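Everything below concerns the one structure shown next.
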Ligand SMILES: Nc1nc2c(ncn2[C@@H]2O[C@H](COP(=O)(O)OP(=O)(O)OP(=O)(O)O)[C@@H](O)[C@H]2O)c(=O)[nH]1
Ligand SMILES: [Mg+2]
């Protein structure tokens, strides 16, 4: 899979993860507004410092403005360094650079740059690359700004048409973040290397099945447990690991594919009972561990609501504190994900004489410039 998938890491947390992926031999391109952040990378071969950037100090709007001014150069760099057909963007949601920059950049790429028009159906687009995301949620012990950024970033991310798998790494309740990075990279690499490492007469997973698993819209989680683990510890690990906790209510039982390499056959009825009916499963066996990936899961509403509630408490404390000052410190676009998803980026209107067709890129860049 190393010749099929590449990682674009935006911001510092992402760079830390990218460095581990590069060490394992993946193609990684790191982008940052801060030269200092880039200088800490040891293994990443392709880096780009956005000209004039001094970091965004958790200000998402500054990052969006830098995207608007340097967009063309970044796309050129991306095209020259990243030729793989599957691209995963990694970024933290709590900072400025990765959080502000990534959702809109991904939207432009997926809906404007990596597209071709079908000659037979000119209104239909064919996506030329598969794009996924790995997003890190700030912990609830971090600052209101970091949590507000997380909330708004998730709102934007959840509204991108054409985006494939999203891995939501959750820093909340985790210990050392470097360990979180290592666990994630190990899980991802374990799944991506199944076709070359795990072979069994009882069933194999080939590259096309991995590609399918990594091209599904929705959230994904991976669990890896020891060879002696039973089904209930596999299910438990799928729920409580480094990823954002999945909802348990019956409406949230939505899932697309199950990919697994295990010691014994999985009990699929327990997966259906716990996560919902899958569309298909791809399995193989090995002698060392139980490795399971689920795709097509819904956004974790309970976790997002928890961020919102905590932010509301902060907002009320801050407004009491600043009662002589009429400006509000927090400016969350709250209720982005609580019910139906509200788009922060409006959908493209149908073309008409009053509304000439603009590209997704023009639309998003114009919105940034208006801010
Ligand atoms: N899992 C993990 N989280 C990290 C790491 N480094 C920072 N974070 C988290 O990422 C958020 C901060 O984002 P950064 O990636 O440092 O920010 P940035 O994109 O560089 O943006 P600015 O520095 O604000 O311009 C906070 O929520 C941190 O807790 C890391 O190595 N691993
Ligand atoms: Mg930074």
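The values are calculated or read from the model by the stated rules, or taken from the named source; none is laboratory data. Note that this is a predicted model, so its numbers are computed, not measured. With ideal geometry, Cβ positions are generated from the backbone for all residues, glycine too; neighbour counts draw on all protein chains shown.
General observations
- Among the helices (runs of 4 or more DSSP H) confined to the stretch 109-197, the ones with at least 2 residues that are within 25 Å of residue 261 (Cα to Cα) are located at 177-192, 194-197.
- Restricting the stretch 176-209 to residues that are crowded, with 16+ Cβ neighbours inside 10 Å and farther than 19 Å from residue 19 by Cα, the residue that is nearest to ligand 1 (Cβ to nearest atom): 194
- Subset of the stretch 48-71 (residues that are more than 14 Å from residue 31 (Cα to Cα), within 14 Å of ligand 1 (Cβ to nearest atom) and in a helix (DSSP H, G or I)): 60, 61, 62, 65
- Residue check, residue 87 more than 13 Å from ligand 2 (Cβ to nearest atom) and part of a helix (DSSP H, G or I): no
- Total residues in the stretch 223-236 satisfying the condition of being more than 11 Å from residue 293 (Cβ to Cβ), in contact (Cβ under 8 Å) with a residue 24 or more places away in the chain and in contact with a strand residue (DSSP E or B) (Cβ under 7 Å, 6 or more places away or on another chain): the figure is 5.
- Lone qualifier among 6, 93, 14 - being under 27 Å from residue 196 (Cα atoms), within 16 Å of ligand 2 (Cβ to nearest atom) and under 17 Å from the mean Cα position of the chain (by Cα): 14
- Contact map, the stretch 26-45: residues that are under 27 Å from residue 191 (Cβ atoms) and free of Cβ contacts under 8 Å to residues at least 24 places away in the same chain paired with residues that are in a loop (DSSP other than H, G, I, E, B) and away from ligand 2 (no atom under 11 Å from the Cβ), Cβ distance under 9 Å, separation 6+ or inter-chain. Pairs shown: 28/41; 28/43; 28/44; 28/45; 30/41; 30/44.
- Residues that are out of contact with any helix residue (DSSP H, G or I) (no Cβ under 6 Å at 6 or more places or on another chain) and more than 15 Å from residue 90 (Cα to Cα), drawn from the stretch 1-33: 2, 3, 4, 23, 25
- Looking across the stretch 5-36 at every residue that is in a loop (DSSP other than H, G, I, E, B) and modelled with pLDDT of 95 or more, the one that is farthest from ligand 1 (Cβ to nearest atom) is identified as 25.
- Annotation: residue 245 fulfils all but one of (1) assigned to a loop (DSSP other than H, G, I, E, B); (2) under 18 Å from the mean Cα position of the chain (by Cα); (3) within 22 Å of residue 162 (Cα to Cα); the unmet one is (3).
- Scanning the stretch 42-56 for residues that are surrounded by fewer than 20 Cβ atoms within 10 Å (Cβ to Cβ), modelled with pLDDT of 90 or more and within 12 Å of ligand 2 (Cβ to nearest atom) returns a single hit, 49.
- Enumeration of residues in the stretch 248-273 that are at pLDDT below 95, part of a helix (DSSP H, G or I) and within 24 Å of the chain's Cα centre (by Cα): 251, 252
- Answer residue from the stretch 57-75, given it is within 16 Å of ligand 2 (Cβ to nearest atom) and within 20 Å of the chain's Cα centre (by Cα) and is farthest from residue 19 (Cα to Cα) among those: 61
- The number of residues in the stretch 37-47 that are within 14 Å of ligand 1 (Cβ to nearest atom) and outside any loop (DSSP other than H, G, I, E, B) comes to 4.
- Positions within the stretch 134-146 being modelled with pLDDT of 95 or more and more than 16 Å from ligand 2 (Cβ to nearest atom), in sequence order: 134, 137, 139, 140, 141
- Among the residues of the stretch 153-175, the ones that are under 14 Å from the mean Cα position of the chain (by Cα) and away from ligand 1 (no atom under 11 Å from the Cβ) come to 15 in all.
- For residue 36: the one exception among (1) under 30 Å from residue 147 (Cα atoms); (2) out of contact with any helix residue (DSSP H, G or I) (no Cβ under 7 Å at 6 or more places or on another chain); (3) more than 12 Å from ligand 2 (Cβ to nearest atom): (3)
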